[in-house]
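*Asks:* Structure in structure tokens, see below.
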Amino acid sequence: MRIIGLIGGISWVSTADYYKLVNEGINDKLGGLNFSECLIYSFNYADIKKNNDANDWDSTFNMLLKGCQFLQQGGAEAIVLCANTMHLIAERLQEAIDIPIIHIATATAVEIQKEAIKKVGLLGTKFTMELDFFKDKLAENGIETIIPKNDADRDFMHATIFEELGRGLVTEATKKRYLEIANQLIEEGAEGIILGCTEIPLVIKPEDISVPVFDTTLIHSMAAVEFQLS
């Protein structure tokens, strides 16, 4: 089994999901008492958020680079960034380390193509929705991406991801609003919905909406399992 390194704490809630899903994935493939051989470097989320709020991605890059190097020195053969937003600096990190970064958007594009879908709605932080780092990976695979048009909707999602979901808090009011936003994207032609933040699966389940749901936490975790067993 190949060793993977998880960059976590962004947030701890999704990191716990990654650890659970990767271990379950390995056990599903190998059975018995087989589980994932992995390392975790977990950050203090407050430090990351402070940088991001100040648009100081250089400081975030330096922090994550330290974590990646630590994991590589510990024997990791690939890196898993346990958050969509952190993939904003994934290509920069990839240039600075000697082991592959398993990219969440690339893995998601593969799953969307399996469904023969050409247009998807993307939900996530404002960074993920409004910047191009995720959408460009999909466009390279012939997939069009739309995001909520309403600034207030994007602001709401961004705020609740950090203040509620990132702390493991889920309310019915937040779930209702997320579903309204997702259904609006479906009305605008989205054939599938990407849960493009690793905390959004806390409030949107596949059975909640009428089109395929692409849970990036699950997709990314299974890509990590595939790497480990390759």
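*Asks:* Quick one: is Leu88 at negative phi, surrounded by 17 or more Cβ atoms within 10 Å (Cβ to Cβ) and not in a loop (DSSP other than H, G, I, E, B)? Talk me through it step by step, then tell me what you get.
*Replies:* Details: at negative phi: yes; surrounded by 17 or more Cβ atoms within 10 Å (Cβ to Cβ): yes; not in a loop (DSSP other than H, G, I, E, B): yes.
In short, yes.
*Asks:* Scan region 198-225 residue by residue and report those that are touching a strand residue (DSSP E or B) at 6+ places or on another chain (Cβ under 7 Å) and not in a helix (DSSP H, G or I).
*Replies:* Filtering region 198-225 for residues touching a strand residue (DSSP E or B) at 6+ places or on another chain (Cβ under 7 Å) gives 200-201, 204, 206, 209, 211-216, 220, 224.
Of everything in region 198-225, those that are touching a strand residue (DSSP E or B) at 6+ places or on another chain (Cβ under 7 Å) and not in a helix (DSSP H, G or I) turn out to be Ile204, Ile209, Val211, Pro212, Val213, Phe214, Asp215.
*Asks:* Please pick out the residue among Lys118, Lys126 that is over 17 Å from Phe214 (Cα atoms) and touching an Asp or Glu at 6+ places or on another chain (Cβ under 8 Å). Let's see the steps before the verdict.
*Replies:* Details: Lys118 fails: over 17 Å from Phe214 (Cα atoms).
Every option except Lys126 fails the conditions.
*Asks:* Turning to a different aspect of this structure: Looking at region 124-135, can you tell me whether even one residue there is open to solvent by less than 70 Å² (accessible area, probe 1.4 Å), more than 28 Å from Asp58 (Cα to Cα) and either in contact with a Leu (Cβ under 7 Å, 6 or more places away or on another chain) or not acidic (Asp, Glu) (or both)?
*Replies:* The answer is no, given that none of the residues of region 124-135 is open to solvent by less than 70 Å² (accessible area, probe 1.4 Å), more than 28 Å from Asp58 (Cα to Cα) and either in contact with a Leu (Cβ under 7 Å, 6 or more places away or on another chain) or not acidic (Asp, Glu) (or both).
*Asks:* Right, another one. What residue, of Glu111, Glu77, Glu95, is outside any helix (DSSP H, G or I), modelled with pLDDT of 95 or more and open to solvent by 50 Å² or more (accessible area, probe 1.4 Å)?
*Replies:* The unique qualifying residue is Glu77.
*Asks:* Of everything in region 130-156 that's in contact (Cβ under 8 Å) with a residue 40 or more places away in the chain and assigned to a helix (DSSP H, G or I), which residue is nearest to Ser14 (Cα to Cα)?
*Replies:* The extreme case among them is Phe134.
*Asks:* Can you give me the number of residues within region 160-177 that are part of a helix (DSSP H, G or I) and over 17 Å from the mean Cα position of the chain (by Cα)?
*Replies:* So the count comes out to 7.
*Asks:* Which one is surrounded by the most Cβ atoms within 10 Å (Cβ to Cβ) among residues in region 37-58 that are assigned to a loop (DSSP other than H, G, I, E, B) and on the phi < 0 side of the Ramachandran plot?
*Replies:* In this case the residue turns out to be Phe43.
*Asks:* Exactly one of (1) among the polar types (S, T, N, Q); (2) open to solvent by less than 50 Å² (accessible area, probe 1.4 Å); (3) more than 19 Å from the chain's Cα centre (by Cα) is unmet by Ser14. Its number?
*Replies:* Going through the list (1) among the polar types (S, T, N, Q); (2) open to solvent by less than 50 Å² (accessible area, probe 1.4 Å); (3) more than 19 Å from the chain's Cα centre (by Cα), Ser14 breaks only (3).
*Asks:* Where residues in region 17-36 are open to solvent by less than 50 Å² (accessible area, probe 1.4 Å) and either touching an Asp or Glu at 6+ places or on another chain (Cβ under 8 Å) or without any contact (Cβ under 8 Å) to a residue 40 or more places away in the chain (or both), which of them is nearest to Leu218 (Cα to Cα)?
*Replies:* If we take residues in region 17-36 being open to solvent by less than 50 Å² (accessible area, probe 1.4 Å) and either touching an Asp or Glu at 6+ places or on another chain (Cβ under 8 Å) or without any contact (Cβ under 8 Å) to a residue 40 or more places away in the chain (or both), then Asn23 is nearest to Leu218 (Cα to Cα).
The values are calculated or read from the model by the stated rules, or taken from the named source; none is laboratory data. These numbers come from a predicted model, not from an experiment. FYI the Cβ positions are ideal-geometry reconstructions off the backbone, even for glycines, and counts take in every protein chain you see. For accessibility, only protein heavy atoms count, side chains too; no ligands or nucleic acids. Shrake-Rupley method; radii C 1.70, N 1.55, O 1.52, S 1.80 Å.
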